[in-house]
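Shown next, in structure tokens, is the structure this report addresses.
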Amino acid sequence: MTYDYDLFVIGAGSGGLASSKRAASYGAKVAIAENDLVGGTCVIRGCVPKKLMVYASTFSHLYEDAVGYGWSPVESSFDWEKLITTVDTEVRRLSKLHISFLEKAGVELISGYAKFIDPHTVEVGDKKFTAAKILIAVGGEARRVPIPGIEHAITSREIFLQKEQPKRLAIWGGGYIGVEFACIMNGLGSKVSQIIRSELILKDFDTDIRTNVQEGMINHGIEILTESSINHIEKTPEGLKLTLSGTSEGTLIVDALLCATGRLPNLEKLALENAGVEIDKGSIAVTKDSRTSQPHIFAVGDCSNRINLTPIAIAEGRAFADTQFGHNPKAINYENVPSAVFSQPEAGTVGLTESQARAKFGDSIKCYTAKFRPMFHALTGADEKTFVKLIVETNTDRVLGVHMVGKDAGEIIQGMAIAVNMGATKKDFDATIGIHPSTAEEFVTLR
Ligand code: FAD
């Protein structure tokens, strides 16, 4: 049987782009279908535009901090429309760049929504394409909790498209996306109320990270409504009226509600049943090598719901292409995957949390922590704290986890992740000379 392509990729996001180019580099005939802007969540409506908005939101604090360093107070105003427009221009520039990378790699781009006709055939618009192997890399979309009035809520997708800045913003959900947007919008001057289910934001992170980021956010003026939920949303002349339950029972009037209550894979209209691809708890079920229940169909990235981060989708996509087309079997190590929360204060983390370490190693765990005012704030007068933490297994002296809250935590933890992955011990950390004066040197001087 001959097919139109050796590989047909559905979705030109982080995973799809990486795998299609890598497979083509081995000489495979590859096509990729995309029904939106090429680039996917990360480039178009996730990591990239979000980080640009993070940068935008930090200036308001910097203007205040500068006064302590002798600068006269800055009279400044913020233009939301300008920011949204320039971010959109940058995102579209990057999308075009990714299209040129596909062209250079010899990958054929097919615009439109792809769905399965049978296990080897995909339909896009009125055209059908056959392929020996198919990779599903369709990513996910924000989940909206089905409560009355939810159609009035926006998600992280729409926040980048708001014509006007919501001056009173409620954010529903305590995950990293909700936390990051709470800080962004607060920094840009909105009054932010974040509604979370438990006592602390950032479930699954080390408790010290959760506590320190939350304290920092409250310190910056963000209202965090803990152990609360939303039962009802109503559009009124004064704004959106949210009816809250739990500790904050009552009503809250806002200009917009950003629903950040989790994400679900984009599988609804793919017609996976025509391909014999099984779903497990809403995601595509895959083996370690990203193979679905149909042996020639694979899935990578958020739609397979392993660790939903861009570098993971890229690594899974490349490992798939190396294994299937490069005769070079590769597997991903899902341990010690570092990540950051681009909140203010920022958080970075790699390895086990203290509770995970205690569950695994019992009492043979020692934690080293420090909390201090970073030197930058010695002259600003701001009540800002940096927090660092090492989790060490005492029998082996191995560092199991490194966590940080404070400026540049993401940048600093990236380097720490190499050490943790190499099996560094506390002695190795201690034997390393610090860079002075810096925040990162705290990690090699903890006692
Ligand atoms: P995606 O990048 O979502 O790509 C899937 C593509 O498939 C999309 O372009 C979609 O349009 C297309 N598609 C879907 N169905 C079809 C179909 N049937 N036919 C054709 N095309 C289809 N991760 C980080 O590592 N760091 C961050 O700072 C970070 N910030 C984030 C901020 C936000 C607001 C969000 C929402 C996510 C963030 N992420 C971050 C997560 C990251 O964006 C995802 O993990 C990553 O994009 C997943 O890549 P993917 O290839 O699986 O899917």
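Computed from the coordinates by the stated procedures, all read-outs in this text should not be read as laboratory data. These numbers come from a predicted model, not from an experiment. Cβ placement follows ideal geometry from the backbone for every residue including glycine, while neighbour counts extend to all protein chains displayed.
If you take all other residues with their beta carbon under 15 Å from the beta carbon of A321, and give Lys and Arg +1 and Asp and Glu -1, the sum is +3. Spin-label pair K127-E441: with each label point 7 Å from Cα along the Cα-Cβ axis, the two points sit 6.1 nm from one another.
Counting other Cβ atoms within 10 Å as a rough exposure proxy, the listed residues E180, E273 run E273, E180 from fewest neighbours to most.
Would you tally the net charge around R197, using a Cβ to Cβ cut-off of less than 10 Å, leaving R197 out, and scoring K and R as +1, D and E as -1?
In short, -1.
If you average the alpha carbon positions of region 151-220 and of region 388-447, how far apart do those two centres end up, in angstrom? Cα centres, region 151-220 to region 388-447: 28 Å.
The value given for region 339-444 is a Kirkwood hydrodynamic radius of 14.2 Å, derived from the mean inverse Cα-Cα separation.
Taking chymotrypsin sites (Phe, Trp or Tyr not before Pro) that fall in a DSSP loop and have at most 13 other Cβ atoms within 10 Å as cut points, what is the longest piece of the chain between them? So the longest stretch without any such site is 72-333. With kT/(6 pi eta Rh) evaluated at 37 °C and eta = 0.692 mPa s, and Rh the Kirkwood radius from Cα pairs, the chain diffuses with a coefficient of 138 µm²/s according to Stokes-Einstein. Ignoring lysines fewer than eight residues from K371 along the same chain, the ones with Cα atoms less than 23 angstrom from its Cα are K203, K385, K389, K407, K426, K427.
Taking T207, T58, T247 in turn, the Gaussian network model of the chain (Cα-Cα springs below 10 Å) assigns the largest fluctuation to T247. Using the Cβ-Cβ distance between Y26 and F101 with R0 set to 22 Å, the FRET efficiency from 1/(1 + (r/R0)^6) comes to roughly 0.85. Check cross-link reach from K281 to the lysines: straight Cα distance under 18 Å, and skip same-chain residues fewer than eight apart. The reachable lysines, counting only those whose Cα sits under 18 Å from K281, are K269. If you count Lys pairs in region 6-85 whose Cα atoms are under 26 Å apart, skipping same-chain pairs closer than 8 places in sequence, the total is 5.
In a simple Cβ point-charge model (Lys, Arg +1; Asp, Glu -1; nothing else charged), region 339-444 has a dipole of about 240 debye relative to its Cα centre.
For the chain, what are the DSSP H helices with axial Cα length of 27 Å or more and mean Kyte-Doolittle hydropathy of at least -1.0?
What comes out of the filter, once short or polar helices are dropped, is 47-68, 80-105.
Of the residues C259, C47, C183, the one with the fewest other Cβ atoms within 10 Å heads the list, and the complete ranking is C47, C259, C183.
Under 20 Å from a point placed 7 Å out from the Cα of D36 along the Cα-to-Cβ direction: which residues of region 238-274 have their backbone N that close? Residues 257-272 qualify, since their backbone N sits under 20 Å from the label point.
Take the Cβ atoms of F78 and R168, set R0 to 22 Å, and the FRET efficiency comes out at 0.90.
Is there a pair in K96/K163; K115/K191; K288/K360 whose C-alpha atoms are over 31 Å apart, and which pairs would that be? The pairs that break the limit, which is 31 Å between Cα atoms, are K115/K191.
Secondary-structure-derived ellipticity at 222 nm for the chain, considering helices only, amounts to -9500 deg cm²/dmol, per-run term -39500 (n - 2.57) for DSSP H runs with n ≥ 4.
In the elastic network of the chain, a GNM with C-alpha springs shorter than 10 Å, the most mobile of A347, A419, A170 is A419. Charge dipole of region 67-146 (Cα centre as origin; +1 on each Lys and Arg Cβ, -1 on each Asp and Glu Cβ, all else neutral): 320 debye, rounded to the nearest 20. Between S245 and K115, residue separation times 0.36 nm minus the direct Cα-Cα distance comes to 42.7 nm. Compute the label zone of K360 within region 395-411: residues whose backbone N is under 14 Å from the point 7 Å along Cα-to-Cβ. The answer is 395-403.
As a test, work out the antiparallel percent of DSSP beta bridges whose residues both lie in the chain, rounded to the nearest 5. Intermediate results must be reported in sequence, preceding the final value.
Values: 50 of 79 bridges.
Close to 65 percent.
For the pair T369 and E158, a Förster radius of 51 Å applied to the C-beta separation gives a FRET efficiency near 0.85, rounded to the nearest 0.05. With a simple spin-label model that places each label point 7 Å from the Cα along the Cα-to-Cβ direction, the separation between A66 and H296 comes to 6.2 nm.
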